[in-house]
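What follows is a short report on a single structure.
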Amino acid sequence: MTVVTLSKRRSGEDPGTPVVRLTGIRKSFQGNEVVHGVDLELQPGEVHALVGENGAGKSTLMKCLAGIHAPDQGTIEIDGVVRRFRSPREAQEAGVAIVHQEFTLLPHRTVAENLFLGREPGRFGRVDKAGMERRAGEVLADLGVTSIRPSAVVSGLSVAQQQIVEIAKALVLDARVLAMDEPTAALADAEVALLYDLVRRLTGRGLAVLYVSHRLPEVFDLSSRITVMKDGAHVATEPTGELTTDNVVRLMVGRPLNALFPDLAAAEELGKERIAVAGGGNARIHDIDLTIRAGEVVGLAGLQGSGRSALARALCGVAPFTRGSYQVEGRPARIRSPRRAVRAGIAFVTEDRKGEGLALRQTVQDNVLLVRRSVSGRRTRSTVADLLREMTVVAASPASEVRLLSGGNQQKVVLAKWLAVGPTVLVVDEPTRGIDIGAKATIYQLIRDLARSGVAVLLISSELPELIGMSDRLLVMHRGRIAGELPPQSSEEDVMRLATGHGQPGENGQSEEAES
Amino acid sequence: MKRLAPGTLPVFAVLAILLVALAFAGPAYEHPQGYIALLKRAAPLMILALGQYFVIVTGGFDLSVGSLVTAEVVIAARLLDGNEDRTWPVLLLLIGFGALVGLVNGLISTVLEVPSFITTLGMLLILEGAVFLWTDGAPRGALTESFRQWGRMGFEDVPWIGQLPYSVLILLALGTAAALFMRTGMGRLVLAVGDNDTSVRLAGGRVRTIRTLAFVVSGISAAVAAILLGGFSGVSAQVGGGLEFEAITAVVLGGVALGGGRGSVVAAMAGALTLKALFSLLNLLGISGALESTVQGVIIVAAVAYAAADTGWRDRVLRSKARSTAQPGPPAPDVVTTS
């Protein structure tokens, strides 16, 4: 019943049999085939990474394995036995454990209650609470987790601890394979290490792990083999050691990574300072000195929680600066509200496109005109049709509801909304999160075109290749401060060194920690 | 209207069926006069529905309109006390009081961030108690004839329809103004506030002002409804009883999404007329008036359930359409495609 029995199962089997063998899996939705006959094998004890762009079909393939979707064709074998899952529960009982991207825990229940949800031990409808907590403790201990009490309430745990509980929950049934979809998406980088430990411990006892992610550094850290999917088809499966990041990107995208990014600004393209902050700060950020010039794309790097987004929100009046000076176009500006910021010509593309950027049930047209209608006096002569054409938005019509558009097209609508008022400063937080590669390239080009037209751009991104490829200058934040500035085309290592508080490149051993 | 807003077709269909059914149910509806009389009876509720529409579509509720109507009528009777020359000042004062109550509702729910459900429930109780305290349960004074004409009288001897009531003209004027307003950019912004207020705030929009003004519109529409109702049915301490729920039922029946962001003001008013037509029909069929609450309860639950099912169904159709037009997969970045 618990993971304790894993090792017993393993010892009794022929080492040559894969834990999971998917053969010729095909799956269509409404006549549109999204997985075209994919094969995949997982060996005991391996971490098998499944990578690909959004829409490549990796989540669909995983959901076929998990019994959420029934494949139209092809077979699923678990330990050499052909299975046909009619429900996620059947897949679980056959040993397939799934950890989804979204959390599924009940926040106000204890760890133990979550682990045994729907399978509470006890008799005659009475739950044996003490017994349940004792067994939850055993399960956690078996995973090598000692920092989480079974009686702890889930909402009081850190995100990483919750993720571990998710995994433990998936493993409460006797699992043969653990499939994880973007397991680190919600984790701060320091917490990722905890997850790595757990994954390694599980594979050490013969579990196969399917690791679905588009975060390549993690994939290279963790996996023993990598399978690349593109447009619903299997492209390649290779041992991780024989691949490089560039190889994998080329396989995923069909072209080299740096071809996505437009040229950087030439020195003569940079104009006057559009915004200048000196000694700026509020509760979350401190001692911010920042200038952005017309024509410039300044990249802002940092780990989650480093104050990147807080700085963006301060610049845009959402959570304003409470200290320091802030000048826009050379004049002191009191940006105390988003409205003031918009009137000063500052546009803010937030990281939460659906929650903060769009009124999803309104039409494309109404969203494009949202800023123009909200703030009188700022407008350009472009019509909605002009803006949509410029943004290459693909929509049935400007009268269709925005929520029906793809993520990429939605993001273009967000940009169009701001272009409608002709901003002079553009702050973009994670502009390409969750959108497909074609739309990414368009958005990179749009951002650069805006800069060329004299807009000052602050670009925030967690994807270092994107940030490095796009930025004329890089600022790195650490613990609410700007830890350093880097020239264009700096290496990811330089950025990470600053982001983790290890000082300027070259200044070995001089730590930023000293000042805080 | 060029095209019906999503979810508004059913109310117009149901209304049409009811209007036809009325003609079969009773002799009063053999002539156009019967329908004009229905419209006259429905006008106060339709105006309340107009006000309630603005509050609901920006994401709130206004439960205070029923007791506000009562308070307005009681105040009018007391202040007028039969004095004809006080009519106009009192009419203005009533509109002002409605606007003030709306403003207080709006400010408390936006600035103090008390959910509007609670704010207006509090206002309902406060007004109810104040009226009771002030009148000891029996309203005093009397309305004047020139006050009552708005709800009772009209242009007489109009060909074909006989009387054209003032209340119907007021209703048409307000309804047209509201419908035209909703087609302006400001009107579209009102819908966006109900859909996602954060996106409007970050776009520089004045979310609190818009929400507060919605309550002010609701308060003013309650004042207008009170003037018409006072004229139509006279002074009592029960004149506004239950109107808040009738207005909310009407708006929901009109296909306006609870929580905001979707729906048409014309459909909300059509919802009010539908409700009145239904009550008239039940009356003609000899079904007890006591069932009105029950019928309303069934309607409100059924309308919301229908809206949920309809949205799900429409989504599937629209999504599959979107998919079949945007084939295949993501477009190449250099392809310029517009509608």
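How fast does the range A:179-282 diffuse by Stokes-Einstein, in µm²/s, taking the Kirkwood radius from C-alpha pairs at 37 °C and 0.692 mPa s?
Stokes-Einstein gives a translational diffusion coefficient of 191 µm²/s.
How large are Rg and Dmax for the range B:24-314 when only the alpha carbon atoms are used, in Å?
18.9, 59
Treating only the Cβ of Lys, Arg, Asp and Glu as charged (+1, +1, -1, -1), what charge dipole size does the range B:24-314 show about its Cα centre? Round to the nearest 20 debye.
660
Arrange the residues A:478, A:214, A:48 by how much accessible surface each exposes, largest first, with a 1.4 angstrom probe.
A:214, A:478, A:48
With every protein chain left in place, what is the accessible area per residue of the protein assembly as shown in square angstrom, probe 1.4 Å?
43
Hey, got the Cα dimensions of the range A:30-132 along the principal axes, in Å, largest first?
The Cα atoms of the range A:30-132 stretch 48, 33, 30 Å along their principal axes.
Quick one: dipole size for the range A:345-454, taken about the Cα centre, charges +1 on Lys/Arg Cβ and -1 on Asp/Glu Cβ, in debye to the nearest 20. Display every interim value, and only then the final one.
Numbers: 16 positive and 11 negative charges, 60 e Å.
It comes to approximately 280 debye.
If I ignore ligands, DNA and RNA and count only protein heavy atoms, how much of residue A:397 is accessible to a 1.4 Å probe, in Å² to the nearest 10?
Number for this one is 40 Å².
Student exercise: in chain A, how many lysine pairs 8 or more apart or on different chains have Cα atoms under 13 Å apart? Walk me through the numbers on the way to the answer.
Working: A:27/A:58; A:27/A:63; A:58/A:230; A:354/A:412; A:412/A:440.
So the count of such lysine pairs works out to 5.
At a probe of 1.4 Å, how much accessible area disappears from chains B and A on forming the pair, both sides counted, to the nearest 100 Å²?
Adding both sides of the contact gives about 3300 Å².
How much net charge surrounds residue B:261 when only the other residues with a Cβ under 12 Å from the Cβ of residue B:261 are counted, with Lys and Arg +1 and Asp and Glu -1? The partial results should precede the final answer.
Numbers: positive: A:361, A:403, B:188, B:262; negative: A:366, A:401, B:195, B:197.
With Lys, Arg at +1 and Asp, Glu at -1, the neighbours total 0.
Which far-off residues, 5 or more places away or on another chain, put their amide H under 5 Å from the one on residue B:260, with H placed in the peptide plane?
Placed amide hydrogens put B:59 under 5 Å from residue B:260.
Kindly provide the Kirkwood hydrodynamic radius of the range A:274-502 in Å, to one decimal, from all pairs of distinct alpha carbon atoms.
Every distinct Cα pair counted, the radius reaches 17.6 Å.
With the contact rule set at Cα under 8 Å and sequence spacing of 6 or more, what percent relative contact order holds for chain B?
Values: 537 pairs, mean separation 111.6, N = 339.
After rounding, I find 33 percent.
Picking from B:93, B:43, B:123, whose Cα lies most toward the positive end of the charge dipole for the range B:1-127 (charges on Cβ: Lys, Arg +1; Asp, Glu -1)?
Positive-most Cα among the choices belongs to B:43.
How much length, in nm to one decimal, is gained on full extension between residue A:23 and residue A:268, taken as 0.36 nm per residue of separation minus their Cα-Cα distance?
Taking residue A:23 through residue A:268 to full extension adds about 82.5 nm, to one decimal.
When the dipole is taken about the Cα centre of the protein assembly as shown, and only Lys, Arg (+1) and Asp, Glu (-1) are charged at their Cβ, what size is it in debye, to the nearest 20? Each step should come with its number before you reach the end.
Values: 85 positive and 82 negative charges, 295 e Å.
For the protein assembly as shown, the charge dipole is close to 1420 debye.
Got a sec? Charge dipole of chain A, +1 on Cβ for Lys and Arg, -1 for Asp and Glu; which of A:318, A:44, A:407 is way out at the positive end?
Of A:318, A:44, A:407, it is A:318.
Please report, as a whole percent, how much of the solvent-accessible surface of the protein assembly as shown comes from carbon and sulfur atoms (probe radius 1.4 Å).
Carbon with sulfur: 57 percent of the solvent-accessible area.
So, how do all the Cα-to-Cα distances of the protein assembly as shown break down into 20 Å bins, in percent, from 0 on up?
Over the protein assembly as shown, the share of Cα pairs per 20 Å bin runs 13, 36, 34, 16, 2, 0 percent.
Just how much of residue B:114 is accessible, in Å², when a 1.4 Å probe is used and the result is rounded to the nearest 10?
Accessible area, nearest 10 Å²: 40 Å².
Taking every alpha carbon pair in the range A:122-241, what does the distance histogram look like in 10 angstrom bins from 0, in percent?
Per 10 Å bin, starting at 0, the Cα pair percentages come out as 11, 39, 31, 13, 5, 0.
As a test question: what accessible area, to the nearest 10 Å², does residue A:205 have when a 1.4 Å probe is rolled over all protein chains in place?
50
Given the -39500 (n - 2.57) contribution per DSSP H run of 4+ residues, what per-residue ellipticity at 222 nm results for chain A, rounded to the nearest 500 deg cm²/dmol?
One gets -8500 deg cm²/dmol as the mean residue ellipticity at 222 nm.
From the residues A:345, A:292, A:486, which one has its Cα farthest along the dipole of the range A:274-502 in the positive direction, the dipole being from +1 and -1 charges on Cβ of Lys/Arg and Asp/Glu about the Cα centre?
So the residue furthest toward the plus end is A:345.
The values are calculated or read from the model by the stated rules, or taken from the named source; none is laboratory data. Keep in mind the model is a prediction, meaning the values are calculated, not measured. Neighbour counts are summed over all protein chains in view; Cβ atoms, including those assigned to glycine, are modelled from backbone coordinates with ideal geometry. Just so you know, the surface numbers come from the protein's heavy atoms only, side chains and all, with ligands and any DNA or RNA stripped out. Shrake-Rupley method; radii C 1.70, N 1.55, O 1.52, S 1.80 Å.
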